[in-house]
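The values are calculated or read from the model by the stated rules, or taken from the named source; none is laboratory data. Predicted, not measured: the structure shown is a model, and the values here were computed from it. No Cβ is skipped: glycine too gets one built from the backbone with ideal geometry, and neighbour counts run over all protein chains shown.
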């Protein structure tokens with residue numbers, strides 16, 4: 001019994017010491033000499049004998065353009081992730097919490113217009129969804145509940161005129177109505 005208590009104390013004390021003294025380091029990898037491919041912050045976990053990403057992470061393509069930037073906390077994505085198109089514009093913005101998408105997820109067209117915005121809670125689609133045409137006009141809108149299409153979904157043409165409505169209850173289509181315009 002005393003041995004078990006001693007081992008437990010050593011384990012807990014070791015974790016406390018490690019948590020209090022994270023030695024954050026920066027590491028860089030290269031496509032070729034002098035051509036950065038990624039740079040990230042990490043600490044070494046002696047218990048698991050591995051590097052754990054903790055802090056900023058950035059990666060570049062072989063032409064030297066930034067392609068993604070994000071933050072990690074204890075090996076999991078935690079914060080804003082930004083992905084870039086090879087032409088330099090932002091293609092995605094994704095919020096993370098403890099390794100799961102949590103908050104807004106956004107995609108953008110090459111002309112920088114918002115394409116899609118939807119919400120997540122702990123990795124599950126939850127709440128408002130909107131999709132847009134490249135012109136910025138609304139293409140569709142609806143909502144998710146617990147990962148399923150839920151409630152009214154409205155679809156619009158490129159002029160902003162509603163062309164169809166659908167209704168869902170937890171992913172099952174209940175109604176669909178085409179809007180006829182004269």
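Hey, any hits in the stretch 18-26 for a residue that's exposed (fewer than 11 other Cβ atoms within 10 Å of the Cβ) and closer than 29 Å to residue 113 by Cα?
Looking through the stretch 18-26, none of the residues is exposed (fewer than 11 other Cβ atoms within 10 Å of the Cβ) and closer than 29 Å to residue 113 by Cα.
For the residues 81, 58, 107, the requirement of being farther than 24 Å from residue 126 by Cβ, surrounded by 15 or more Cβ atoms within 10 Å (Cβ to Cβ) and at pLDDT 95 or above singles out 58. Give the residues of the stretch 61-94 that are assigned to a strand (DSSP E or B) and closer than 21 Å to residue 111 by Cβ, sorted by residue number. If the condition is that a residue be assigned to a strand (DSSP E or B) and closer than 21 Å to residue 111 by Cβ, then 66, 67, 68, 82, 83, 84, 90, 91, 92, 93, 94 are the ones that fit.
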